[in-house]
Amino acid sequence: MDWLLEPARMQFCERTLDGLIKHPADTWTNIGPLVAGIFILIYANRPLERLLGVAAMWTGLASGYFHASNTILGETLDLSGMFMFILSIAALQQHRSDPNRPGQRMLIAIVLVGSLILTVLSSFSTAFASPMFAVIVVIVVARGLYDSMLTRWAYAMVITFLIAWGFWWLDYMHIVCHPDNHILTGHGLWHLLNGVVFWCAFRHYQSTMPDPATELAEDQQPGD
């Protein structure tokens with residue numbers, strides 16, 4: 001398993017440093033998803049909403065480790081956060097369309113198992129990760145459009161994501177790149193803006209969920 005500690009396969013603009021933190025700018029900016037996850041957990045009313053908060057926090061922590069360590073292990077954990085987040089969105093969509101089938105606990109189990117399987121497969125090839133993630137995103141977006149439940153939060157989420165993704169590509173392709181800038185990079189802006197994306201996603205689904213009274217009692221927890 002030593003190969004997991006080899007240098008990461010994906011390299012962004014920021015120059016790799018010696019020491020404990022290899023990419024300082026791309027590490028600290030993961031505070032975006034982390035803070036978003038904390039606020040989601042504070043305001044969440046349902047188990048699936050809390051799962052989204054956990055996914056946001058895990059994405060921030062895993063991505064922070066990825067850029068701090070610059071290892072394949074970190075890269076793999078970072079991918080696990082991506083999968084967990086998008087599958088959490090898919091679970092929220094399913095619950096919104098039919099609050100009782102399957103229950104929230106079953107959906108949470110499906111998200112966790114699915115994220116684990118996709119992460120293990122991705123650890124052997126990043127060529128698998130991006131297309132698989134893209135397929136899930138397309139399915140989620142298509143279902144969101146089909147449901148016709150678009151709120152201002154949904155528009156804010158999509159617009160912010162597209163801006164963030166633009167910074168990701170500019171940094172990854174070294175189009176806008178200052179390797180010795182260890183304060184704030186294009187990839188760092190991607191991280192910070194993703195925090196906004198996660199929060200907007202939470203507010204969108206929270207505002208379009210069915211009345212809690214229609215949900216199964218077994219999925220309710222104190223405070224719901």
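Quick notes on this structure:
- Residues of region 144-162 satisfying the condition of being part of a helix (DSSP H, G or I) and surrounded by 15 or more Cβ atoms within 10 Å (Cβ to Cβ): Gly144, Trp153, Ala154, Ala156, Met157, Val158, Thr160, Phe161
- Thr16 vs. criteria on the phi < 0 side of the Ramachandran plot and either without any contact (Cβ under 8 Å) to a residue 12 or more places away in the chain or within 17 Å of the chain's Cα centre (by Cα) (or both): no
- Evaluation of Thr185 against (1) surrounded by 15 or more Cβ atoms within 10 Å (Cβ to Cβ); (2) under 17 Å from the mean Cα position of the chain (by Cα); (3) under 24 Å from Trp28 (Cβ atoms) (one fails), failing number: (2)
- Taken over region 22-56, residues that are within 20 Å of Tyr172 (Cβ to Cβ) and of a type outside the set (Phe, Trp, Tyr) amount to 10.
- Selection of region 51-80 for residues being more than 17 Å from Leu193 (Cβ to Cβ) and of a type in the set (Gly, Ala, Ser) yields Gly53, Ala62, Ala68, Ser69, Gly74, Ser80.
- Of Gly64, Gly37, Gly60, Gly81, all but one fail to be buried (at least 20 other Cβ atoms within 10 Å of the Cβ), under 14 Å from the mean Cα position of the chain (by Cα) and farther than 24 Å from Gln11 by Cβ; the exception is Gly37.
- Per-region count, region 178-208, residues of a type in the set (Gly, Ala, Ser), at pLDDT below 95 and in contact with a helix residue (DSSP H, G or I) (Cβ under 6 Å, 6 or more places away or on another chain): 1
- Meets criteria (at pLDDT below 90, surrounded by fewer than 22 Cβ atoms within 10 Å (Cβ to Cβ) and not in a helix (DSSP H, G or I)) for Arg101: yes
The values are calculated or read from the model by the stated rules, or taken from the named source; none is laboratory data. The structure displayed is predicted, hence computed values, not measured ones. Positions of Cβ are generated from backbone atoms using ideal geometry, with glycine treated the same way; all protein chains shown enter the neighbour counts.
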